[in-house]
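Q: Provided herewith is a single structure, encoded as structure tokens, for subsequent inquiry.
The values are calculated or read from the model by the stated rules, or taken from the named source; none is laboratory data. Computed from a predicted model, the values in this text were never measured in an experiment. So basically every Cβ, Gly included, is an ideal-geometry build from the backbone, and we count neighbours across all protein chains shown.
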Amino acid sequence: MAAGWNILLITTTSSDVIIKDKDKSPTWINTNQYPSLYYGESFYQLLKMNNWTSVFVFTDESAVVYYSFVSRQTLSLLKLKHVHATSVTYSSKIGELNFDGLLEEFSRRSRIMLVFAQPPQLRKLLLAAHSKNMTNGEHVYIATQPFDHKIFGNFTWKSGDESDETVREAYASVFFVVMIDLKRHQTSEREILTRKWISSYRTNPFFNNTDLHDQPVRKAFG
């Protein structure tokens, strides 16, 4: 309808493959580099590729909204595909989770855990898992972020404390899924657009962020 009416539409996070089809959506601009309907598909295909038939899904509802959204998308698809999934959610803002209890439940249900949470919760999970000898190769923890940005945190074993070496060892049991690697998919045209976008974001009152305290969330356009 938008094409027929010759109306410009601009959308950001959520999208659909039809938006990328310029024959069907010639007046639709989308700044998301991958359709959100692929969220669940990415994890389903990872499970399928490794012949993993069950999965334990751990979600922190207090994390950046990406994680709860992807969790719902993934669980919905896994149910459709008849993959046995156990889901546990909690809010890190409300209180501390009993990670020992979580891991005991996990070990009874599966060997594969999807971790929809940010680095601090993953670190606590891995420390508890290491103490229970659950980072020796028998269990897999799948963490994710859509792209590299500090809003999602820094997924690293380095924290500058006495637990670093333990977490480093535990990270050997982690699969890390990044939806798009901007460093690998950067082109000269995209670099020019990125510089223009950041410049406008910092200086143009239209963006209402002339006192920029943070970098723009999106580094490139799709």
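Q: In contact with a Phe, Trp or Tyr (Cβ under 8 Å, 6 or more places away or on another chain), assigned by TED's automatic domain parsing to the domain that holds residue 114 and part of a loop (DSSP other than H, G, I, E, B): does that describe residue 97?
A: On the way: in contact with a Phe, Trp or Tyr (Cβ under 8 Å, 6 or more places away or on another chain): yes; assigned by TED's automatic domain parsing to the domain that holds residue 114: yes; part of a loop (DSSP other than H, G, I, E, B): yes.
For residue 97, the condition - in contact with a Phe, Trp or Tyr (Cβ under 8 Å, 6 or more places away or on another chain), assigned by TED's automatic domain parsing to the domain that holds residue 114 and part of a loop (DSSP other than H, G, I, E, B) - is met.
Q: Can we say residue 100 is free of Cβ contacts under 8 Å to residues at least 12 places away in the same chain and either acidic (Asp, Glu) or over 30 Å from residue 136 (Cβ atoms) (or both)? Write out each step before concluding.
A: Values: free of Cβ contacts under 8 Å to residues at least 12 places away in the same chain: no; either acidic (Asp, Glu) or over 30 Å from residue 136 (Cβ atoms) (or both): yes.
Taking the combined requirement at face value, the residue does not satisfy it.
Q: Note down all Cβ pairs under 9 Å where the first residue falls in segment 108-129 and is touching a residue at least 12 places away in the same chain (Cβ under 8 Å) and surrounded by fewer than 19 Cβ atoms within 10 Å (Cβ to Cβ), the second is among the small types (Gly, Ala, Ser) and assigned to a helix (DSSP H, G or I), and they're at least six residues apart or on different chains.
A: Going by the 9 Å Cβ cut-off, the qualifying pairs are 127/170.
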